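Working notes, beginning with the structure itself.
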2 protein chains.
Amino acid sequence: MVNWFWRKGAKRSWVDAPKLRPRSEDSGSATRVDLAELAPHREQFLAQAAYLQLVAFEGLSASVATAPDLAAKERLTRAAAIALEKHHALVAEITRTGADAATVMQAHSAGIPFFQHATRGDTWAESLVTTHITGGILDDFFVRVAGGLPDDLERRIRAIYASASHEPLLSEQLRILIELQPTQAAHLAMWGRRLVGDTILVARSALAAPPSSANDEARIEPVFTELIAAHTRRMDALGLTA
Amino acid sequence: MVNWFWRKGAKRSWVDAPKLRPRSEDSGSATRVDLAELAPHREQFLAQAAYLQLVAFEGLSASVATAPDLAAKERLTRAAAIALEKHHALVAEITRTGADAATVMQAHSAGIPFFQHATRGDTWAESLVTTHITGGILDDFFVRVAGGLPDDLERRIRAIYASASHEPLLSEQLRILIELQPTQAAHLAMWGRRLVGDTILVARSALAAPPSSANDEARIEPVFTELIAAHTRRMDALGLTA
């Protein structure tokens with residue numbers, strides 16, 4: 001029997017990239033594995049969710065600092081505040097377990113600095129797309145994985161993610177930007193597509209255990225396919241081809 | 001009679017630096033002019049106070065991004081959240097007047113981008129000192145100037161500044177840093193001293209009108225001397241010579 005649950009010290013291989021079929025949405029629910037079955041240990045979940053909100057905050061606050069005008073700054077400070085509140089709410093859940101948040105985040109940080117580096121945009125527009133697209137996929141992901149946590153914790157985690165989203169603010173800012181500079185659209189669409197692999201990879205590393213066979217791989221695919229479908233809708237809403 | 005009140009379109013000269021006597025605390029209250037008498041127009045006050053909290057937030061969030069470890073990041077995200085909350089509370093006061101916050105901040109922004117540029121640290125330690133020292137002086141300043149605002153607004157402004165301060169978090173972080181790297185102390189002390197001129201300058205530009213004679217200059221000096229005395233206590237608390 002496959003051990004889907006968290007294995008202490010299990011190594012996540014960065015080479016073990018998910019083989020996605022982003023265009024296919026007909027994978028069939030018969031083969032579907034709910035991500036909740038793969039839910040990580042409580043500590044690992046909270047650590048990675050909290051750290052990745054910190055990454056979103058860092059991206060947003062850098063976008064505040066480099067915004068071209070105060071109206072854009074204002075919009076982005078709102079988004080930054082939302083990411084920061086989520087981060088602190090997740091840190092509070094770690095503290096509630098009696099652990100030290102920084103220590104726990106450090107212990108489960110493998111892959112996150114790489115993800116942050118690999119997805120960092122070179123321009124203001126790229127950075128906005130990064131936070132919007134990676135944040136969207138990861139928030140979707142953690143909400144789904146929360147189903148595998150104890151009920152009371154699951155309820156609080158869902159409340160944290162449901163409380164507010166930086167998505168509308170970022171998508172408004174990106175629509176303004178693309179309207180003003182329509183020639184950027186093709187480049188940003190490519191940048192958006194390029195982010196998916198690294199984002200799915202860091203999400204995979206937050207699962208209880210990496211799939212251990214080609215068969216497991218096939219079973220897990222539909223879940224990621226759904227995350228990709230939501231990503232495609234997010235890109236469509238910006239008028240970008242996913 | 002001197003027109004202390006806000007003059008629309010009055011130019012603030014950057015050459016007109018205050019002639020401070022930072023070491024002297026015996027200026028005598030007989031000559032004291034309370035900053036409240038120089039209180040700017042409501043809009044100007046709110047715009048500059050809000051913009052300068054945004055500058056503090058940008059400095060803190062850059063320090064989060066470059067922090068050497070997650071414990072430091074955590075401490076600094078708390079400080080960043082406080083600056084961001086103050087900024088949003090001040091923006092809410094602008095919005096309450098029916099004005100657009102970004103427009104109003106832009107209209108009263110003269111000198112602020114220069115201040116931000118001139119006080120930007122080259123290292124993580126310098127940046128922390130910048131936010132701690134300039135934020136401390138400016139918060140003191142705006143609380144004092146608030147005395148010249150209408151009573152209800154003054155009460156709300158005082159509540160915003162009293163709600164929380166990033167000062168204890170930053171001074172804790174700086175004490176840790178100086179304890180680990182005592183050889184940095186002399187350099188950071190010099191950096192701290194160097195920040196005072198630019199900070200007083202940007203504070204001065206937020207006054208209703210710049211002093212227009214040598215006599216006015218002499219009358220306003222004691223107030224800035226008090227801000228400097230508080231600054232000296234802040235430096236002392238870090239073990240740095242002011």
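Bear in mind that the values in this text are calculations on the coordinates, not laboratory data. Fair warning: this is a prediction, and the values are worked out from it, not measured in the lab. Don't worry about glycine lacking a Cβ; one is built from the backbone with ideal geometry, like all the others, and counts go over all protein chains shown.
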Chain A residue with Cβ closest to the axis mapping A onto B, distance in whole Å: A:SER61, 2
Segment A:36-237, dipole about Cα centre (Lys/Arg Cβ +1, Asp/Glu Cβ -1), debye to the nearest 20: 160
Shortest-first distances to equivalent copies, position A:ALA229, nm, label 7 Å out along Cβ: 7.0
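Going through segment A:87-181, which trypsin sites (Lys or Arg not before Pro) have at most 14 other Cβ atoms within 10 Å and a DSSP loop state?
Hits after loop and neighbour filter: A:ARG120.
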Unit charges on C-beta of K, R, D, E only; dipole of segment A:93-176, Debye: 60
Computed FRET value (nearest 0.05) for B:ARG194 with A:ALA118, which takes r as the C-beta separation and R₀ as 35 Å: 0.40
Ranked list, fewest to most other Cβ atoms within 10 Å of each Cβ, for A:HIS187, B:HIS132, B:HIS108: A:HIS187, B:HIS108, B:HIS132
Under the Karplus curve 6.51 cos²θ - 1.76 cosθ + 1.60, θ = phi - 60°, whole-Hz ³J(HN,Hα) for segment A:50-67, x wherever Gly or Pro sits: 5, 5, 6, 5, 5, 4, 4, 4, 4, x, 5, 6, 5, 5, 4, 4, 9, 4
Inter-copy label distances at A:GLN181 (7 Å, Cα→Cβ; nm, one decimal): 3.5
Relative contact order of segment A:36-237, defined on C-alpha pairs under 8 angstrom at six or more residues apart (%): 31
